[in-house]
1. Checking R110 against (1) surrounded by 10 or more Cβ atoms within 10 Å (Cβ to Cβ); (2) at pLDDT 80 or above; (3) closer than 27 Å to S55 by Cα, which single condition isn't satisfied?
2. Suppose we keep only residues that are surrounded by 11 or more Cβ atoms within 10 Å (Cβ to Cβ) and among the aliphatic types (A, V, I, L, M) within region 15-30. Which one would you say is modelled with the lowest pLDDT?
Amino acid sequence: MVVELSDKVSISTVQRWFQRFRYGAEVIEDAPRSGMPVVKNCDKIAELIERDRHSSSRSIGQELGMSHQTVIIHLKKLGFKKMLDVWVPHDLTQINIFTHMDACESLLNRNKIDPFLKRMVSGDEKCHLLQREAQTVVVEKR
């Protein structure tokens, strides 16, 4: 007899089924879950984000009566990402793309006049200018 991995069931699942049959269950399907349906949660979270993109996952969770981790999971499903304390759609629209392209072109043209890009170090979505005038430190040998 050949058994494929996808056909295997864990021991704990089989034990749970055995307990259910022992107490009179006739099917092994899960019981209906309590709580608000996921679709309604997503709709309410999207509504709150559209109203205030600066709101935190904790404040949304408190307002809707759920954990902030659940809110974050739903926001990721909706395609939102937190950037600089603002919830933004993860996929760019055409207007966003053209705005970014215009900004990049403007910065490249500015760099031709004043080469500021050589003085920048980028990391973790924030930029810091380097100090060109480094202080000279004299080290004495003993």
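1. (3)
2. For region 15-30, the residue satisfying everything is I28.
The values are calculated or read from the model by the stated rules, or taken from the named source; none is laboratory data. Keep in mind the model is a prediction, meaning the values are calculated, not measured. Positions of Cβ are backbone-derived with ideal geometry, glycine not excepted, and every protein chain shown enters the neighbour counts.
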